[in-house]
Amino acid sequence: MLALLLLTVVLVFVLYPFYAMILSSFKTTRELYNIHSNPLWVSKPTLENYLHLFTKTNYLRWYLNSALVAAVTTTVSIFSSVLAAYALSRLRFRGAKTMGTGIFVVYLIPQTLLFIPLAKVVNSLGVSNSLWSLILTYPTFQIPFSTWLLMGYFRNLPREIEDAAMVDGASRLRILWGVVFPMSLPAVVTVTLFCFTLSWGELIYALAFISDSLKQTLSIGTTTELIRGDMFFWGPLMAGGLLAAIPVVLTFSLLVDYYVSGLAAGGIK
């Protein structure tokens, strides 16, 4: 009984901010700023905050930009990470262990230290103020993270299956995509979810590299357009945050079984 009570308290504490965000997105401006209004309910629901997003901002364009950047960078990062992780965990060559440690060290470097040198690279390539600047820079923190996680999973897979495939004449790439990849699907899905989430909500690089409103992503477009000085457009902000969370929630909901097994598993049966 005590455990159930504690779980209920934790759920209320965790879920209430999302509940408040949903309520705020349907409240009028007058009700939002009325200190006597009911904080747990909406007296007069309205869609004016959503209409403000779609008619007075470039929200739909930001949404499409975020989706494009997240899809491309996640695909590139996962493809590169699977190859790198398999090579570092299975192939024997000089410097493999050092490279594995180096990848982890690179991931530990904060983005606040990297965006300045990356800005010089972006400018030298002529892709500043475009989505290409994000597509080229996001893998710099996604690939080290993904490679490090996949390396630990690949090392726990039994070598006997791969040896049997090699005896049958399969090449390393055939073994990777035909044998190792299917067995590692939970781990790959877990890393994919992390990469997608990191791309979808990234702020520092988007703020540093893109200034054109039509080329901005959700994270930077919503904050710059709906926060002006000390004025916060709370209704549209809450509506924009709610809509931005939908792809992430749906993705986690559809892949939650793979996600949990990928976090918990250290090998295969």
Test set (1) within 30 Å of S171 (Cα to Cα); (2) open to solvent by less than 30 Å² (accessible area, probe 1.4 Å); (3) over 28 Å from the mean Cα position of the chain (by Cα) - K27 fails condition number: (1)
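Listed here are the residues, each with its yes/no results for (1) at positive phi; (2) of a type in the set (G, A, S); (3) crowded, with 16+ Cβ neighbours inside 10 Å.
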site	(1), (2), (3)
I161	no, no, no
A164	no, yes, no
G178	no, yes, no
T217	no, no, yes
Filtered residues of the range 23-47 (kept if in contact with a Leu (Cβ under 6 Å, 6 or more places away or on another chain) and part of a helix (DSSP H, G or I)): S25
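Here is a yes/no grid of residues against (1) within 17 Å of S80 (Cβ to Cβ); (2) open to solvent by 60 Å² or more (accessible area, probe 1.4 Å); (3) in contact with a helix residue (DSSP H, G or I) (Cβ under 8 Å, 6 or more places away or on another chain):
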position	(1), (2), (3)
L118	no, no, yes
V122	no, no, yes
S130	no, no, yes
F145	yes, no, yes
L149	yes, yes, yes
N156	no, yes, no
Selection within the range 41-57 - buried (at least 18 other Cβ atoms within 10 Å of the Cβ) and either more than 14 Å from K27 (Cβ to Cβ) or hydrophobic (A, V, I, L, M, F, W, C) (or both): L53, T57
Only listed residue being part of a helix (DSSP H, G or I) and hydrophobic (A, V, I, L, M, F, W, C), chosen from A206, A170: A206
Out of I78, I103, I109, I135, sole residue that is touching a residue at least 12 places away in the same chain (Cβ under 8 Å) and open to solvent by 30 Å² or more (accessible area, probe 1.4 Å): I103
Condition met for L193 (under 19 Å from L91 (Cα atoms), in a helix (DSSP H, G or I) and either touching a Pro at 6+ places or on another chain (Cβ under 8 Å) or among the hydrophobic types (A, V, I, L, M, F, W, C) (or both)): no
Test for V249: is it open to solvent by 60 Å² or more (accessible area, probe 1.4 Å) and in a helix (DSSP H, G or I): yes
Evaluation of P182 against (1) closer than 16 Å to A87 by Cα; (2) of a type outside the set (S, T, Y); (3) in a helix (DSSP H, G or I) (one fails), failing number: (1)
Any pair with Cβ under 7 angstrom, 6 or more apart, that starts in the range 1-25 at a residue that is more than 22 Å from P236 (Cβ to Cβ) and free of Cβ contacts under 8 Å to residues at least 40 places away in the same chain and ends at one that is open to solvent by 80 Å² or more (accessible area, probe 1.4 Å) and among the aliphatic types (A, V, I, L, M): none
Filter result (closer than 15 Å to T197 by Cα and in contact with a Lys or Arg (Cβ under 8 Å, 6 or more places away or on another chain)) within the range 64-117: N65
Residue identified as open to solvent by less than 80 Å² (accessible area, probe 1.4 Å), farther than 16 Å from L149 by Cα and not acidic (D, E) among A70, A87: A70
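The values are calculated or read from the model by the stated rules, or taken from the named source; none is laboratory data. All values derive from a computational prediction rather than experimental measurement. All Cβ positions, glycine included, derive from the backbone under ideal geometry; neighbour counts span all protein chains shown. With ligands, DNA and RNA removed, areas are computed over all heavy atoms of the protein, side chains included. Shrake-Rupley method; radii C 1.70, N 1.55, O 1.52, S 1.80 Å.
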